[in-house]
Amino acid sequence: MSTAPPGRRVALVTLGCGRNEVDSEELAGRLADGGWDLVTDAADADVAVVNTCGFVAAAKKDSIDTVLATADLKAAGRTRAVVAVGCLAERYGEQLADELPEADAVLGFDDYQDISARLSSILDGAVHVPHAPRDRRRLLPLAPADRHKPPTDPEPIPDLPPGVAPASGPRPVRRRLGAGPVGSLKLASGCDRRCSFCAIPAFRGSFVSRRPSEVLAEASWLAGHGVRELVLVSENSTSYGKDLGDLRLLESLLPDLTAVDGVERVRVSYLQPAEMRPGLVEVMTSTEGVATYFDLSFQHASGPVLRRMRRFGDTERFLELLDRIRAAAPEAGIRSNVIVGFPGETEPDLAELERFLTAARLDAVGVFGYSDEDGTEAAGLPDKVGEDEVRARVDRVSRLADELVAQRAEDRIGEIVDVLVESVDADADAVEGRAAHQAPEVDGATTVRDVPAADRVVGRFVRARVAGCDGADLVAVHDR
């Protein structure tokens, strides 16, 4: 139970990806700056803020279910208001408020800067008028180079509460909501790609990079709060810098991030295969401290399906990219997501995807069944695949992917890996964490046995030899 005084206690419940985690920590920073006390359990809060995900149908359902479950706390007597924020709230605004009266308010991204005042008003009984959704891509100039205002003298930053640091945007703040050795760091917001199945650009807006100095300052702050691995997140990390006049800015930023005192590993997520360039592959495979990890969004491998998705590439081009990566770093970890059942997908298209996955030897594969997303081009395409058939294809490709991922893990037996310790089992002389090819939550974990007491410390890197596997999870023995 919290010992914070009553009246202005707030809990943040975060769903979705690493980008949402950063958003929640920025909201937490603003709320702390506004005099709110942060509590971890929504049942102890006066206001529970649910940071929703609006990416696919399953995520939307999970978000709505979480809001409903959190709203039940009001009947128990302590929680006075439940507020929905995040992607689902931004995407649907007034429609979500109408259909989800259990939420006391639905706030959009434009409310974040004044989140403290918004919550105070809601507790005072004011009725918040939800926003009408709009295409946020229209809020910024079409040309990426025109999206940044000329530098001006920065607004003075006031004295901040302990644990709060400068982050992105106009005088924002951030507070860590966890104490683990891994921290997400936002490179950019928005996306300029026009994938026919994706609604994210419409509600997240056009692509805007954070300036390197801002990213480095936040990296240093995270390291000072116990973070040893930085996970760089955005909607499209390969585009970083294009609006700042340097499309190769990521190549120069990565070595600078590894040089931040306390940072021992930097991981890049959300890479677009069509935008991968030789220089970026070289930096990611040769820079000490950068994980040789490639989170490549292939989505499919059939050329005709990819064209309908408004994406580029095919099996041969994707395999050529993987060959280039592995020629530079044979141990590189590579993961991807694929969509099956896209409108017009034929049996030969599906067989082509299976051929690619078999040849690609990926460390992790997420398999998603296609479903129409409001406002997307794909929702209006002909030749829809029936729901039952989509489920059958998901099962079929998922079984193949699981088998291939397990085979790839077996290939790593005998390999030496550096594992970041995230939990300790002192009774078994073992630790659990992740090797360089394993990102948080999505790519499996590594258990290391026979670890000396001095190395059984959360946040420490231990060297180990892989001895076995269970699916994507590895079992290793401490390498003395």
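Below, the figures for the structure above:
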{"read-out": "When segment 369-434 is reduced to its Cα atoms, the Kirkwood hydrodynamic radius in Å", "value": "16.3 Å"}
{"read-out": "Loop sites in segment 418-480: GluC sites (Glu not before Pro), DSSP, at most 14 other Cβ within 10 Å", "value": "E441"}
{"read-out": "Carbon plus sulfur fraction of accessible area for segment 8-125, probe 1.4 Å, in percent", "value": "47 percent"}
{"read-out": "Surface per residue (accessible, 1.4 Å probe) for the chain, Å²", "value": "43 Å²"}
{"read-out": "Greater than 25 Å apart at Cα, pairs in K61/K384; K186/K384; K74/K186", "value": "K186/K384; K74/K186"}
{"read-out": "With every protein chain in place, segment 320-424: carbon and sulfur % of accessible area (1.4 Å)", "value": "48 percent"}
{"read-out": "Most to least accessible of T447, T79, T40 (protein chains only, probe 1.4 Å)", "value": "T40, T447, T79"}
{"read-out": "Principal axis dimensions, the chain - Cα atoms, whole angstrom, descending", "value": "61, 60, 50"}
{"read-out": "Karplus-derived 3J(HN,Hα), 6.51/-1.76/1.60, for each residue of segment 463-480, Hz, glycine and proline x", "value": "8, 8, 10, 5, 10, x, 7, 9, x, 7, 7, 10, 10, 9, 10, 3, 9, 8"}
{"read-out": "Positive-end residue, segment 89-139 charge dipole about Cα centroid, Cβ charges, pick of P133, A97, S121", "value": "P133"}
{"read-out": "Cysteines (scope the chain) whose Cβ has no counterpart Cys Cβ under 4.7 Å", "value": "C17, C53, C87, C191, C469"}
{"read-out": "Extended-chain gain in nm, criterion 0.36 nm per residue less alpha-carbon gap, E316 and A454", "value": "44.9 nm"}
{"read-out": "Listed residues R434, R277, R463 arranged by accessible area, highest first, probe 1.4 Å", "value": "R463, R277, R434"}
{"read-out": "Accessible area of segment 170-291 belonging to carbon and sulfur atoms, whole % at 1.4 Å probe", "value": "51 percent"}
{"read-out": "Using distinct alpha-carbon pairs, which all enter the 1/r mean, Kirkwood radius of segment 248-322 in Å", "value": "13.6 Å"}
{"read-out": "Amide H within-cut-off set for V173, under 5 Å, with H built and near neighbours excluded", "value": "R30, A167"}
{"read-out": "The chain, dipole about Cα centre (Lys/Arg Cβ +1, Asp/Glu Cβ -1), debye to the nearest 20", "value": "900 debye"}
{"read-out": "Candidate aspartates and glutamates for bridging to K60, where Cα separation is under 17 Å - those fewer than 8 sequence places away on the same chain excluded", "value": "E21, E90, E94, D98, E99, E102, D372, E373, D374"}
{"read-out": "Cα point-scatterer Debye curve for segment 270-373, base-10 log of I(q)/I(0) at q = 0.15 Å⁻¹", "value": "-0.60"}
{"read-out": "Lys/Arg +1, Asp/Glu -1 at C-beta; the chain dipole; positive extreme among A58, L216, A45", "value": "L216"}
{"read-out": "Quarter of the Cα convex hull surface for segment 363-480, i.e. its orientation-mean projected area (nm²)", "value": "9.6 nm²"}
{"read-out": "Dipole of segment 308-404, positive end: most advanced residue of S371, I334, A401 [Cβ charges, Cα centre]", "value": "I334"}
{"read-out": "Mean shadow area of segment 1-109 over all directions, Cα convex hull, nm²", "value": "6.4 nm²"}
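The values are calculated or read from the model by the stated rules, or taken from the named source; none is laboratory data. A quick note: this is a predicted structure, and the numbers were derived from the prediction, not measured. Positions of Cβ are backbone-derived with ideal geometry, glycine not excepted, and every protein chain shown enters the neighbour counts. Heads up: the accessible areas ignore ligands, DNA and RNA and are worked out on the full protein's heavy atoms, side chains in. Shrake-Rupley method; radii C 1.70, N 1.55, O 1.52, S 1.80 Å.
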